[in-house]
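For reference, the structure is listed below as structure tokens.
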Amino acid sequence: MATKTIPVDKIYKLVTSTPLSFTLPSRNTRQFPLLWYDEVNNLNRTLRYASNQKSPFEDEQDENVIVEPIIFENGFLRVAKNNPALQMFLFYHPMNGTTFVEVNYEKDAAKEMEVLNNEVDALIEARRLSIDQIETVARVLFGKDPSRISTAELKRDILVYAKNDPTGFMHLINDPMLSLNSNVHRFFDAKLLSFRNGQKEVWFNTTSNKKKMLSVPFGEDPFLCVAQYLQTDEGIDALKLLENNL
């Protein structure tokens with residue numbers, strides 16, 4: 001047995017701007033074509049809002065139409081449950097989803113809860129980081145030498161980052177490349193690796209190796225390039241050498 005839909009009042013809001021008054025196109029014109037594509041019959045059906053008609057489609061309306069303006073006041077439009085014609089017209093309107101949307105408080109609240117929960121989770125994880133982990137994250141996130149910044153400043157910066165970008169922060173701390181990326185920064189801080197030619201080349205700078213490691217492709221992150229190289233068969237021995245020199 002099909003569930004009967006209970007009529008309810010609906011509220012719509014503009015998503016592009018919030019002028020004091022905005023008139024939504026309510027009939028098909030050359031300037032504002034109001035068409036809805038009917039996939040079943042493979043044709044475009046013309047829309048028109050008429051307050052004395054049951055259907056929003058012109059081909060289902062009689063000749064005695066009463067066309068009324070649809071006006072958003074301060075960015076909002078309230079449509080009572082006893083006006084199903086307008087609710088149906090707005091449902092099919094081509095600007096639905098781009099210029100205006102139906103307000104769904106339950107859906108909006110659920111989305112806001114998800115954002116807040118992600119923020120809380122990220123802040124909890126940020127507070128749980130050990131000093132070593134804080135230094136590792138700081139090197140990768142901010143490219144800073146942790147030895148030159150107080151622990152309180154590092155903790156603050158990481159908490160702020162976790163709050164502002166919880167998804168990015170959680171992705172970072174769960175990235176298996178995090179430790180290696182941190183070590184790459186440490187290699188440069190310790191002068192075991194150096195840039196040349198405007199950061200287009202990376203060179204070894206240990207007592208036993210002064211050779212060129214790699215050329216950085218245009219537009220690529222040089223630190224990421226080094227981390228990827230150190231994961232290759234050729235780079236494993238270089239990684240061990242660099243770690244021993246630390």
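Under 14 Å from the Cβ of Met113, count the other residues' Cβ atoms, weight Lys and Arg +1, Asp and Glu -1, and hand me the total.
Counting the neighbours of Met113, the net charge comes to -4.
By how many nm would the segment from Leu180 to Ala80 lengthen if fully extended, with 0.36 nm per residue of separation less the alpha-carbon distance?
So the extension gain works out to 30.0 nm.
What percentages, rounded to whole numbers, describe P(r) for the chain computed over all alpha carbon pairs with 5 Å bin width beginning at zero?
Cα pair-distance distribution for the chain, in percent: 1, 5, 9, 11, 10, 8, 7, 5, 5, 6, 7, 8, 7, 5, 3, 2, 1, 0, 0.
On the principal axes of its Cα set, how long, how wide and how thick is the stretch 4-81? Give whole Å, largest value first.
Principal axes ranked by extent give 38, 37, 28 Å for the Cα atoms.
Placing +1 at every Lys and Arg Cβ and -1 at every Asp and Glu Cβ, with all other atoms neutral, what dipole size does the stretch 55-120 have around its Cα centre, in debye to the nearest 20? Spell out each step's value before the answer.
Values: 4 positive and 13 negative charges, 54 e Å.
Taking the Cα centre of the stretch 55-120 as origin, the dipole is about 260 debye.
First obtain the Kirkwood hydrodynamic radius of the stretch 94-161 from its Cα pairs, then insert it into the Stokes-Einstein equation at 20 °C and 1.002 mPa s, and state the resulting D in µm² per second as a whole number.
146
I'd like the trypsin sites (Lys or Arg not before Pro) in the stretch 73-140 restricted to DSSP loop residues with at most 12 other Cβ atoms within 10 Å, sorted by number.
Lys81
Can you find, among Val67, Asn96, Leu116, the residue farthest towards the positive end of the dipole of the stretch 60-116? Put +1 on the C-beta of Lys and Arg, -1 on that of Asp and Glu.
Going by the Cα projections, it comes out as Leu116.
Quote the charge dipole size of the chain about the Cα centre in Debye, to the nearest 20; the model charges only the Cβ of Lys and Arg (+1) and of Asp and Glu (-1). Don't jump to the answer; show the numbers that get you there.
Numbers: 28 positive and 33 negative charges, 147 e Å.
Value, rounded to 20: 700 debye.
Return Glu125, Glu68 ranked ascending by Cβ neighbour count within 10 Å, so the fewest neighbours appear first.
Listing Glu125, Glu68 from fewest to most nearby Cβ atoms yields Glu68, Glu125.
Of the listed pairs Lys54/Lys81; Lys210/Lys240; Lys211/Lys240; Lys144/Lys240; Lys144/Lys191; Lys111/Lys155, which have alpha-carbon separations greater than 18 Å here?
Correct reply: Lys144/Lys240; Lys111/Lys155.
Compute the relative contact order of the chain as a whole-number percentage, counting only Cα pairs closer than 8 Å that sit 6 or more residues apart in sequence.
On the way: 308 pairs, mean separation 34.5, N = 246.
Here the relative contact order equals 14 percent.
Between Asn209 and Asp108, what FRET efficiency follows from the Cβ-Cβ distance if R0 is 41 Å, with the result rounded to 0.05? Let's see the in-between values first.
Details: r = 58 Å, r/R0 = 1.42.
Step by step, r from the Cβ atoms, then E = 0.10.
Estimate the FRET efficiency between Glu68 and Asn41 by the formula 1/(1 + (r/R0)^6), using the beta-carbon distance for r and 35 Å for R0, to the nearest 0.05.
Taking R0 as 35 Å, the efficiency between Glu68 and Asn41 is 0.80.
Under 14 Å from a point 7 Å along the Cα-to-Cβ line of Ile11: which residues of the stretch 95-110 have their amide N that close?
In the stretch 95-110, the label zone of Ile11 (backbone N under 14 Å from the point 7 Å along Cα→Cβ) covers 101-109.
We did not get these values from a lab; they are worked out from the coordinates using the rules stated. Keep in mind that this is a model prediction, so the values were computed, not measured. Cβ: placed from backbone, ideal geometry, glycine included. Neighbour counts: every protein chain shown.
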